[in-house]
1. State the number of residues belonging to the range 47-61 that are assigned to a loop (DSSP other than H, G, I, E, B) and surrounded by 11 or more Cβ atoms within 10 Å (Cβ to Cβ).
2. Looking only at the range 296-307, which residues are surrounded by 19 or more Cβ atoms within 10 Å (Cβ to Cβ) and within 23 Å of residue 349 (Cβ to Cβ)?
3. Restricted to the range 291-324, and to residues that are hydroxyl-bearing (Ser, Thr, Tyr) and under 16 Å from the mean Cα position of the chain (by Cα), which residue is farthest from residue 357 (Cα to Cα)?
4. Which one is nearest to the chain's Cα centre (by Cα) among residues in the range 219-232 that are surrounded by 11 or more Cβ atoms within 10 Å (Cβ to Cβ) and at pLDDT below 90?
5. Can you work out which of the residues in the range 165-182 that are among the charged types (D, E, K, R) and either touching a residue at least 24 places away in the same chain (Cβ under 8 Å) or touching a strand residue (DSSP E or B) at 6+ places or on another chain (Cβ under 9 Å) (or both) is farthest from residue 143 (Cα to Cα)?
6. What about residue 244, is it surrounded by 19 or more Cβ atoms within 10 Å (Cβ to Cβ), in the same structural domain as residue 301 (by TED's automatic domain parsing), of a type outside the set (Gly, Ala, Ser) and farther than 12 Å from residue 91 by Cα?
7. Would you check if there is a residue in the range 62-75 being within 25 Å of residue 185 (Cβ to Cβ) and among the aliphatic types (A, V, I, L, M)?
8. Six or more apart or on different chains, Cβ under 6 Å: which pairs go from a residue in the range 338-354 that's assigned by TED's automatic domain parsing to the domain that holds residue 371 and at positive phi to one that's aromatic (Phe, Trp, Tyr) and assigned to a strand (DSSP E or B)? Could you list them?
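The values are calculated or read from the model by the stated rules, or taken from the named source; none is laboratory data. All values derive from a computational prediction rather than experimental measurement. All Cβ positions, even for glycine, are placed from backbone atoms using ideal geometry, and neighbour counts span all protein chains on display.
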Amino acid sequence: MIRLDMKIVVLILVLVLGGAAYFGWQKNHESGKPRAAALPTLHKSSDTLHFEVNAPQLTFIKIQTVEAFPEPLVEPLNARIVYDDNRTARVFSPIAGRVVKILAEIGKQVKAGEGILILDSPDYAQAVADSSRADADLLRKRETYERARLTFEAQGLARKDLEGAEADWRQAEAEAVRAKSRLANLNGNFATAPQYVLRAPEAGTISERQVSAGSEVRPDAANPLFVISDPAHVWAQIDLPEQLIGKVRIGQDVLAQVDAYPDDSFIGKITAIAGSLDPVTRRMQVRCEIDNAQFKLKPEMYAQVTPIADLHSRLPRIPNTAIFTQGLYSYVFVEHGVGVLQRRRVLLGLQGHPDSYVKEGLKAGERVVTSGALLLNAELAGND
């Protein structure tokens, strides 16, 4: 009986020692395995989220710096860039003929009176001949009148003959003036007869050319041969909706933007407002003069023109994706440091289609979350 109890005790000791050895081996074996990385810690307060630098939540948001822009009165209006007609000349030929030579190409700057086209024109040659003949006839009839006057003073000629000679002289004088005026109207140059030189009526840049060598031109052509303009000044023509008429006035500042240069804004002023609406479209034509010193704006470009309250009064502009509402108020998330994002209430001004302007609660230069603000707000709400 005693031997049986001893065997049981020994067996128990063996089992206990074996179990201890197994658990010791298992612990040492697991300690050699790499441990799983701990998830980044998230700390929350009533309106602020604190993320670790490598927090996965930060990969789902976008942050950008806020910029300030002049406060608009209305949403951008559709417009079209056109020539400034006060600085544009559409050049037609005042006489028929065939083009001999082109003297100016598109993009060339020309001075007032500079030749841009040479025509072979029989009509011009006839005008030159008429002027020369009128000058010769005037000289002859003036001499005839002088002889008649001397003869009359010597009592060798009747008064009616003197008066007839004077009338012929005055008629020839009038014809000479008419012929010279015709040449002056053509900007004629006797040295090039019978070739006619078409000249630039004002200084500027050749922006269009619709003629080529050998073409026949006429003074009643539908389209101008050349368009000369000052590219540093253009107009923007706005089709203003009827309900916005009260928002614009002459002298008001505007900002224009075009698709070709989405990051650039061009400053201008409203210079003319039509006196009536188009009966078909129910819109009013509004003209703006735009500063184009860098020559980026081209006629027939489409533009977005925004009337502004004050060129010097600026408000922060943010994309609408940065804004979310909670109850009656609007909020954004502002970055206060790496991984530190604060929910902030803002007061909005004009809310446009892509962007909105902030009147209170945000300053230019601060960084706001532009994508993922709703996810952050849900994360913050989970702490409430």
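1. Step one: list which residues in the range 47-61 are assigned to a loop (DSSP other than H, G, I, E, B), which gives 47, 52-55, 61.
With surrounded by 11 or more Cβ atoms within 10 Å (Cβ to Cβ) added as a condition, the list becomes 47, 52, 54-55, 61.
Total satisfying the criteria: 5.
2. Initial filter on the range 296-307 (surrounded by 19 or more Cβ atoms within 10 Å (Cβ to Cβ)): 297, 303, 305-307.
Listed by number, the residues that qualify are 303, 305, 306, 307.
3. Step one: of the range 291-324, the residues hydroxyl-bearing (Ser, Thr, Tyr) are 302, 306, 313, 321.
With under 16 Å from the mean Cα position of the chain (by Cα) added as a condition, the list becomes 302, 306.
Details: 302: 24, 306: 13 Å.
Looking at residues that are hydroxyl-bearing (Ser, Thr, Tyr) and under 16 Å from the mean Cα position of the chain (by Cα), I get 302.
4. As a first pass, look at the range 219-232 and keep what is surrounded by 11 or more Cβ atoms within 10 Å (Cβ to Cβ): 219, 221, 224-232.
From what's left, at pLDDT below 90: 219, 221.
Working: 219: 35, 221: 32 Å.
Among those residues, the one meeting the criterion is 221.
5. Among those that are among the charged types (D, E, K, R) and either touching a residue at least 24 places away in the same chain (Cβ under 8 Å) or touching a strand residue (DSSP E or B) at 6+ places or on another chain (Cβ under 9 Å) (or both), it is 182.
6. Numbers: surrounded by 19 or more Cβ atoms within 10 Å (Cβ to Cβ): no; in the same structural domain as residue 301 (by TED's automatic domain parsing): yes; of a type outside the set (Gly, Ala, Ser): yes; farther than 12 Å from residue 91 by Cα: yes.
No, not satisfied.
7. Step one: list which residues in the range 62-75 are within 25 Å of residue 185 (Cβ to Cβ), which gives none.
Checking the range 62-75: not a single residue is within 25 Å of residue 185 (Cβ to Cβ) and among the aliphatic types (A, V, I, L, M).
8. Between residues of the range 338-354 that are assigned by TED's automatic domain parsing to the domain that holds residue 371 and at positive phi and residues that are aromatic (Phe, Trp, Tyr) and assigned to a strand (DSSP E or B), the close pairs are 339/51.
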